[in-house]
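Nothing in this text is a laboratory measurement; each read-out follows from the coordinates by a stated rule. This structure is a prediction, so every number in the text was calculated from the model and none was measured. No Cβ is skipped: glycine too gets one built from the backbone with ideal geometry, and neighbour counts run over all protein chains shown.
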Amino acid sequence: MRVELLGDAGGLRRRMAVPDSVEGVEKLLKSQRATQDDLSSDLVKMAGVLKKNSLAFSDLVEKDKVLVQETTDLLDTNTANLEKHGGRLTKYRKRAWGTTGVTWLAVLVVVSVFFMLVLFMRVAPKRY
């Protein structure tokens, strides 16, 4: 079809001369009508393909919208859970720090009692 429309690639395109006879004009019109019919059928096929592709794209966009909405809902749920558990962890950390402080205080008392005992044993006279 390209050769019919554009001619040979090797030279310039040659236009057909307008025929003088009625038969030549009818032949030319028939040829041009056939070319136009071919182009019209190709155009109809391309329009069908374009419609099919646009419908497929529309379906994909709708599926993506649903997926984005589901993901947004899950993200909102996860954010709410994270905030809830973050608050619980903050409370636990405060309680744990209190327990840790008491533990360090107990260790400090034991160490100081140990040093006082050692000091007392050095200062006190032996009786035996």
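Key figures for this structure:
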{"item": "Integer Hz, Karplus 6.51/-1.76/1.60 couplings in order for the stretch 26-43, x for Gly and Pro", "result": "5, 5, 5, 4, 4, 5, 5, 5, 5, 4, 5, 5, 4, 5, 5, 5, 5, 5"}
{"item": "At R0 = 30 Å, FRET efficiency that the Cβ-Cβ distance of Ala56 and Asn78 yields, to 0.05", "result": "0.40"}
{"item": "Kirkwood-based shape ratio for the stretch 16-128, expressed as Rg/Rh from alpha carbons", "result": "1.89"}
{"item": "Reach of Lys30 by Cα under 18 Å, taken over lysines that are not fewer than 8 positions away in the same chain", "result": "none"}
{"item": "Potential extension, Met46-Met116 segment - 0.36 nm per residue separation minus Cα distance", "result": "15.3 nm"}
{"item": "Pairwise label distance in nanometres, Leu108 with Leu39, each label 7 Å out on the Cα-Cβ vector", "result": "9.7 nm"}
